[in-house]
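S.K.: Below is a structure I'd like to ask you about.
The values are calculated or read from the model by the stated rules, or taken from the named source; none is laboratory data. Bear in mind that the values here come from a model prediction, so they are computed numbers and not experimental data. Don't worry about glycine lacking a Cβ; one is built from the backbone with ideal geometry, like all the others, and counts go over all protein chains shown. With ligands, DNA and RNA removed, areas are computed over all heavy atoms of the protein, side chains included. Shrake-Rupley method; radii C 1.70, N 1.55, O 1.52, S 1.80 Å.
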Amino acid sequence: MVKVVRTIAEVRDFVREARARGPVGLVPTMGYFHEGHRALMRKAREMCPTVTVSIFVNPLQFGPQEDLAAYPRDFERDLATAAEEGVDAVFTPSVEEMYPAPQAAFVDIAELTGVLCGRSRPGHFRGVATVVAKLFNIVGPDYALFGQKDAQQLAVIRRMVRDLNFPVEIVAVPTVREADGLAASSRNVYLTPEEREEATILFRALHWGKQTITGGERDPQRVARLMAETINGMPGARLDYAEVLSWPDLNPLATIEGEVLLAVAAWFGRARLIDNMVVEAGN
């Protein structure tokens, strides 16, 4: 039976008692669970005797023209999913519980946030880092699990933990994909059947970018251009970005070497989808 806790005091009491059994894992989410969320919960279950999942649609990370009000929600289905995956507690605070007064303190990551989604969504990662810092302080997990699909978010959280000395280990879980390569995402629900088929171009662009690198290409601009042209060749896609950056520092590259991040984002109808792939290019 999953315990539902709605206040900071309740979840702290729960974790305080649970810690006697060993490490506590936290899976921070905005709900509307899919197979990617299940993979995070399963990994947490493998690692920790106690697994907590937070469900909180964080207003700080949405811009004024973004889909906060329309973001998909289905708490009862999420609760059933959490129970199936052996989650011990779901922390689902209200906005008033998390932000009882206008927020005056924020977490800004000076590096990593001026590229990719940070450039397209100003203020987004300040909102992400701030709410994750709050969740770490509230829950106090030993491990926190994040998906590789949100690669920039993963890099930002890891830098925050390192620089601010949070006593938590960040665990990355590989992207979960459908059979045709589309990455699992809560926003996939926005796609029409035609847009759903078109969206597979993101994975194909990444795959061809990877093949180009493994074939010997070392010019990041050529690889980025190939991925952009691939996505732009799909009539229903509206490209946001296609880039090749260093991983995990997200710096521009003169030459592809070592681990690099291939990252793409595009609109399909009302859904803005992201995807990425980490490639080992060698020297």
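S.K.: In the chain, if the dipole is taken from +1 on Lys/Arg beta carbons and -1 on Asp/Glu beta carbons about the Cα centre, which of Phe91, Met30, Trp208 is farthest to the positive end?
M.R.: The listed residue farthest towards the positive side: Phe91.
S.K.: Also: Taking the chain as a Gaussian network, Cα atoms linked when under 10 Å apart, which of Gly209, Gly147, Gly258 shows the biggest mean-square fluctuation?
M.R.: So, out of Gly209, Gly147, Gly258, the one fluctuating most is Gly258.
S.K.: To the nearest µm²/s, what D does Stokes-Einstein give for the chain at 37 °C and 0.692 mPa s, using the Kirkwood radius over alpha carbon pairs as Rh?
M.R.: 167 µm²/s
S.K.: How big is the charge dipole of the chain about its Cα centre, in debye rounded to the nearest 20, if each Lys and Arg gets +1 on its Cβ and each Asp and Glu gets -1 on its Cβ?
M.R.: My answer is approximately 300 debye.
S.K.: Report P(r) for segment 49-135: all Cα-Cα distances, bin width 10 Å, range 0 to the bin holding the largest distance, values in whole percent.
M.R.: The calculated distribution, bin by bin, is 15, 39, 33, 13, 0.
S.K.: If r is the Cβ-Cβ distance from Glu10 to Ala101 and R0 is 22 Å, what FRET efficiency results, to the nearest 0.05?
M.R.: Efficiency, from the Cβ-Cβ distance: 0.60.
S.K.: With viscosity set to 0.692 mPa s and temperature to 37 °C, compute the Stokes-Einstein D of segment 225-283, Rh being the Kirkwood radius across alpha carbon pairs; µm²/s, no decimals.
M.R.: 270 µm²/s
S.K.: Name the lysines eligible as straight-distance cross-link partners of Lys3: C-alpha to C-alpha under 26 Å, and not fewer than 8 places from it in the same chain.
M.R.: Partners found: Lys43, Lys134.
S.K.: Also, quick follow-up: Whenever you get a sec, compute what percent of the accessible area on segment 95-235 sits on carbon and sulfur atoms (1.4 Å probe).
M.R.: Carbon-and-sulfur percentage of accessible area, whole number: 49.
S.K.: Right, another one. Determine ³J(HN,Hα), in whole Hz, for all residues of segment 56-67 in sequence, where each value follows from phi through the Karplus function 6.51 cos²θ - 1.76 cosθ + 1.60 and θ = phi - 60°; x replaces Gly and Pro.
M.R.: My calculation for segment 56-67 gives 7, 7, 7, x, 5, 9, 9, x, x, 9, 9, 9 Hz in order.
S.K.: Distance between the C-alpha centers of segment 47-90 and segment 165-183? Whole Å please.
M.R.: Segment 47-90 and segment 165-183 have Cα centres spaced 16 Å from each other.
S.K.: When the helices in the chain are scored as -39500 (n - 2.57) per DSSP H run of 4 or longer and the sum is shared across all residues, what 222 nm value do you end up with, to the nearest 500 deg cm²/dmol?
M.R.: -11000 deg cm²/dmol
S.K.: Rounded to a whole number of µm²/s, how large is the Stokes-Einstein D of segment 158-219 at 20 °C and 1.002 mPa s, given Rh as the Kirkwood radius over C-alpha pairs?
M.R.: 145 µm²/s
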